[in-house]
Amino acid sequence: MRKMFKKLSFLLAAVMMMITVFQIPVMAAPAEDMTIIYAQVPQDWEAPCIWAWDEDGNNAFAAWPGGSMEADADNEGWYYAWIPSWANHVIINGNEGDVQTGEQVLEGKNAWITVASPEEVTISYEQQTTGEIPEYVETFTVHAKVADSWSEPNLWAWSVPDGTNVYEAWPGEPMTMGEDGWYTMEVPTWVNSLIVNANGGEVQTEDLSVDAAEVWITVAEDGSFEFTYDDPEQKEIGTIMVRVIAPSDWEAPNLWAWSAPDGTNVFTTWPGEPLEEGLDGWLKKEVPGWVNSLIVNGNEGSVQTTDISVEAGKDVWLVVKGPEEAEVYYEEPQIEQETEEAKSEKAETEKPAEEKSDMTMVWVIIVIVVAAAVIAGVVVIKKKKK
């Protein structure tokens, strides 16, 4: 019954985490929970982005360099992005994250950040741009990978059946190229139809009907395509199993997992997710195969290991002996698990000398008392015989 209760507890925790995952994306929050961040950056900073997090290390974006900042057409040189109000620590960066500011701590409200150089940054909460602040629009991400002959891909997006277009004219707007070979674009959640095109709109896909969810589209040279709502590259990598032996005084051990150096986290909030009971005393947790960095923690995250680097794509066994001591194996090691009887014997042998001496004295006293009682009894019997 106890095992069943534990399994149900882990299942409930997993369900709650799934709910949290689907609620956490930056563009899924209501407008009142968002703040707009403007940035004015040096001219040689291309495609500025914003990275944002809170004091507990919860990130607003899945991976570095964070969210793309959009140019304000009415204020030349200014870019903006919406972030959750709780994410009050930010870094402005550019050139695919190669140049960046230091950490900037905000007050959780609309801010205008002027970046003269990575070391010279000023923050104002008074509006530095002219005109009205752009309206917050909830969006989702479209990823596209196209054939080599398709140059400078654009995205055309609209709503069916009313025919409302996102962009003013065909072929739409250019998609942003990423290091992984995928182009990306944010579109409003009211969009349900897409066309990927290239070469100035001369080549294109057919109309693609989608849900308002992050989508990956792979386009062949002839314009045929396949799409999925799951990251195909992560799906190809698969998963790995992390097995852990943690110190006995670390209550409710958790696992925190991510990819370095890009900083993509598996779990949304610290201290991660509970390790589940496995075989032969090992705790376990399945994580994506791209994970290469781990932290084991306990006592609600108050005790933890340092960062543990592991090989991506391989199952791993961790023997944690303390915050600074963790052994890494890629095959199951032969670890002797102490039985309760052995632990008891070990505790007995490790008792301090004074405690052992005290116990010896107690037994001596007990023997003396018993002996005295026996002698007294013999004397009484003898007296009765007389």
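The values are calculated or read from the model by the stated rules, or taken from the named source; none is laboratory data. Source: prediction; values computed, not measured. With ideal geometry, Cβ positions are generated from the backbone for all residues, glycine too; neighbour counts draw on all protein chains shown. Ligands, DNA and RNA are excluded from the accessible area calculation, which covers all protein heavy atoms including side chains. Shrake-Rupley method; radii C 1.70, N 1.55, O 1.52, S 1.80 Å.
Odds and ends about this structure:
- Label zone (SER151, point 7 Å along Cα-to-C-beta; backbone nitrogen cut-off 20 Å) within region 202-244: 202-205, 219-223.
- Prolate/oblate/rounded label for region 258-333 (Cα gyration tensor, a/c 1.5): rounded
- A straight chain from ASP98 to ASP162 at 0.36 nm per residue would run longer than the Cα-Cα distance by 18.8 nm.
- The Cβ shell under 14 Å around GLY298 holds other residues with a net charge of -2, Lys and Arg each +1, Asp and Glu each -1.
- Using the Cβ-Cβ distance between ASN299 and ALA73 with R0 = 51 Å, the FRET efficiency computed as 1/(1 + (r/R0)^6) comes to roughly 0.50.
- Region 62-208, accessible area per residue, ligands and nucleic acids excluded (1.4 Å, Å²): 52
- Between GLU202 and THR228, residue separation times 0.36 nm minus the direct Cα-Cα distance comes to 6.9 nm.
- Apportionment of accessible area to carbon and sulfur, region 200-303, percent (1.4 Å): 45
- Computed FRET value (nearest 0.05) for ALA252 with GLU327, which takes r as the C-beta separation and R₀ as 35 Å: 0.95
- Compared with the direct C-alpha span, the chain from LEU279 to ALA47 gains 78.6 nm at full extension, assuming 0.36 nm per residue.
- As a calculated quantity, the FRET efficiency between THR189 and ALA220 at R0 = 25 Å, using C-beta atoms, amounts to about 0.35.
- Label-point gap, in nm, between GLU311 and ILE237 - each point 7 angstrom along Cα→Cβ: 1.6
- Considering only VAL244, VAL215, ALA260, and ranking their Cα positions along the charge dipole of region 204-260 that arises from unit charges at the beta-carbon of Lys, Arg, Asp and Glu, the one farthest toward the positive end is VAL244.
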